[in-house]
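Have a look at the structure below, then the notes.
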Amino acid sequence: MTKSSKESLRIIPLGGLGEVGRNMMLLEWKGEILILDMGFRLPEEDMPGVDYIIPNVEYLRDKKDKILGVVFTHGHYDHIGAVPYLMPKLWTPNLVFFASPLTRGIILKRQEDFPEQPKLKIKEVYDKSRIKIGPFSIEFVKMNHNIPDNFGLFIETPIGNIFHTSDFKFDKNPVNDTPTDFNRLREISKRKILLLMSDSTDAEEEDHSLSESEISKNLEEIIKNAKGRVIAATFASLINRIQQIISISEKYGRKVAIEGYSMRTNVEIAKHLGYIRADPKTFILTKQIENLPDQKITILCTGAQGEAEAVLMRVATKEHPIIKLKKGDTVIFSSSVIPGNERTVQIMKDEILRQGAEVFHYKMMDIHAGGHAKKEELKKMIKIMRPRFFMPIHGQYSMLVEHAKIAKSLGMKEERIIVAENGDIVNLSKKKVFIERKIVPSNYVMVDGLGIGDVGEVVLRDRKMLAKDGIFVVIAVVDRQTGKVKGSPDIISRGFVYLRESKELLREVRKKVIGIVQSATGSGRAVNWAYVKNEIKEKIGQFLFSKTQRRPMVLPVVIEV
Ligand SMILES: [Zn+2]
């Protein structure tokens with residue numbers, strides 16, 4: 001290693017750069033590593049059976065004892081959700097976490113679902129707290145977002161200061177929160193910022209994000225005018241939005257039923273810690289909605305992204321045991337759609353409309369998440385911080401590129417702007433910033449039920465195949481002595497063709513299977529059964545395709561007796 005590369009900081013995004021969600025970043029100084037956030041993201045539409053996608057921590061495999069600590073910016077699942085899935089790989093008795101009381105509460109509550117895991121040491125930090133971890137010193141800086149206790153990070157490193165905005169927006173009239181403290185940001189910038197890392201989620205949006213109080217007004221308009229029940233779907237972690245819906249409901253004499261496990265849990269934690277304020281009498285159980293007039297009911301639930309298991313989807317597909325949609329209901333989608341989920345959300349919306357409810361979604365009125373700075377605020381952040389180097393973070397690649405353009409439009413030189421993606425190693429020194437040639441593994445790790453990472457590309461491909469064209473199992477019993485197929489091969493198929501109506505097809509398949517087996521066993525020599533199975537798979541697959549234009553998954557089973 002050369003001296004100059006020793007004197008540089010390595011910044012390694014493992015997730016969140018080139019995608020929305022799954023945020024996790026490493027800061028590495030002389031082999032010691034600080035972790036910022038551990039988030040997950042929801043699967044895309046073409047990943048059947050996958051629950052979450054988490055960061056790939058292969059790079060940290062032999063470096064567990066080099067981890068200095070983990071710092072969380074805020075309590076959104078795309079920043080904390082991967083914790084229980086990463087602990088089996090990263091936990092050591094010395095591992096220390098730093099989080100705000102709310103973030104800590106949400107993490108610990110979730111850990112209760114993983115009782116076999118060791119108890120996590122999470123130290124509480126507050127606005128203006130300062131901590132020292134190895135060569136880094138971190139000051140927590142409260143930033144507006146749509147969850148309370150969101151921290152930007154002012155990080156002193158041996159080569160200079162970094163400001164990490166976390167997810168943020170500037171808000172002069174926030175709900176449940178204090179307005180952005182611009183003086184403090186200016187004071188921080190006076191300490192000289194070597195690198196600014198700033199939230200790009202809304203970099204493609206013009207103007208300024210709406211103030212939370214503005215969003216509140218729009219929500220109030222809808223709820224005030226609703227004739228019947230209000231069903232408001234949002235993320236369980238949008239604590240401010242949840243507060244708004246509760247407060248407005250109270251104002252118009254509505255009781256609130258909270259539906260969905262994660263929503264109920266988060267509201268409990270936030271109430272307990274004083275982040276959600278409401279009259280205890282406001283809350284009712286979902287089953288109590290039957291005893292109240294429709295215009296006295298608000299149902300707060302999860303599922304605005306079309307998540308298959310969430311409440312709104314079950315309501316839309318008429319699978320919910322209590323909530324049945326009807327004319328007069330008003331359904332509000334109060335969170336923007338994450339890229340990749342548009343089609344599912346559209347289908348769900350249509351389904352809700354068919355059942356007679358009215359639908360308000362974020363495109364019609366500004367009732368969506370709105371937790372992220374738009375172009376004008378991003379400009380302002382860069383102007384305040386006046387960094388030497390700039391790196392857009394958090395967002396799809398197009399968002400990062402747009403954010404880089406914004407910096408350029410403010411006169412920043414191209415060589416001072418670094419657009420990095422997951423797995424890149426950003427090398428930062430006092431004088432320059434560049435991406436190293438080597439990359440670290442950052443591909444998707446999929447969580448499926450209780451398994452972590454055992455769903456690979458192959459499993460996913462199989463699931464897609466099964467979902468599309470079904471499965472076709474061929475069972476042949478072969479006489480070891482004679483090498484002949486005994487009787488007629490059995491065929492089981494699901495999701496491919498209706499067997500009773502395809503007798504001719506099945507007859508031909510059976511004949512072919514017998515032919516394939518006997519031509520392999522006919523020589524009298526030892527039989528390579530793996531080869532025989534492969535032959536059945538290939539040939540029967542081709543045959544079925546030629547007859548039906550479908551490609552079911554063919555599973556050959558050969559039993560020797
Ligand atoms: Zn967030």
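The values are calculated or read from the model by the stated rules, or taken from the named source; none is laboratory data. Keep in mind it's a predicted model, so treat the numbers as computed, not measured. Neighbour counts run over all protein chains shown; Cβ positions are idealised from the backbone, glycine included. Protein only, heavy atoms only, side chains kept; ligands, DNA and RNA dropped before computing areas. Shrake-Rupley method; radii C 1.70, N 1.55, O 1.52, S 1.80 Å.
For the chain, the longest principal axis of the alpha carbon atoms and the long axis of helix 261-272 meet at an angle near 20°.
For segment 74-218, carbon and sulfur atoms together expose 51% of the accessible surface, with a 1.4 angstrom probe and every protein chain in place.
Among rounded, prolate and oblate, which fits segment 190-253 when a ≥ b ≥ c are the square roots of the eigenvalues of its C-alpha gyration tensor, a/c under 1.5 means rounded, and a/b larger than b/c means prolate? Prolate shape, in that a/c is at least 1.5 and a/b is the bigger ratio.
If you fit an axis through the alpha-carbon atoms of helix 239-251 and take the longest principal axis of the Cα set of the chain, what angle between them do you get, 0 to 90°, nearest 10? Rounded to the nearest ten degrees, it is 80. Sorting the segments 223-233, 507-517, 120-130, 162-172 by their residues' average number of neighbouring beta-carbon atoms within 10 angstrom, most packed first, yields 162-172, 223-233, 507-517, 120-130. Per residue, what accessible area does the chain have, given a 1.4 Å probe and all protein chains present, in Å²? For the chain, the solvent-accessible area averages 45 Å² per residue.
Taking each residue as 0.36 nm, the span from residue 63 to residue 277 lengthens on full extension beyond its C-alpha to C-alpha distance by 72.7 nm. Remark: for residue pairs 172/379; 123/430; 383/408, the C-alpha separation exceeds 20 Å in 123/430. Segment 540-561 and segment 383-423 have Cα centres spaced 52 Å apart. Which of the lysines could a cross-linker span from residue 512 if the Cα-Cα distance has to be under 30 Å and same-chain partners fewer than 8 positions apart are dropped? Partners found: 464, 468, 484, 486, 503, 533, 537, 539, 547. By definition, a body whose alpha carbon gyration tensor gives a ≥ b ≥ c is oblate when a/c is 1.5 or more and a/b is not larger than b/c, and the chain fits this oblate description. Residues of segment 490-506 with an amide N closer than 17 Å to a point placed 7 Å from the Cα of residue 529 along the Cα-to-Cβ direction: 490.
Here the sum of -39500 (n - 2.57) over DSSP H runs of 4 or more residues, divided by the residues of the chain, equals -9500 deg cm²/dmol at 222 nm, to the nearest 500.
If you find the alpha carbon centre of segment 26-95 and of segment 278-339, how far apart are they in angstrom? Taking the Cα centre of each part, segment 26-95 and segment 278-339 sit 33 Å apart. When the solvent-accessible area of segment 374-433 is split by element, carbon and sulfur atoms take up 45 percent of it, the probe being 1.4 Å. Taking every alpha-carbon pair under 8 Å whose residues sit at least 6 apart, the chain reaches a relative contact order of 16 percent. Cross-link partners of residue 281 among lysines, defined as those whose alpha carbon lies under 19 angstrom from its own and excluding same-chain residues fewer than eight positions apart: 251, 255, 271, 296. Against the chain, whose longest principal axis is taken from its Cα atoms, helix 342-354 shows a tilt of about 90°.
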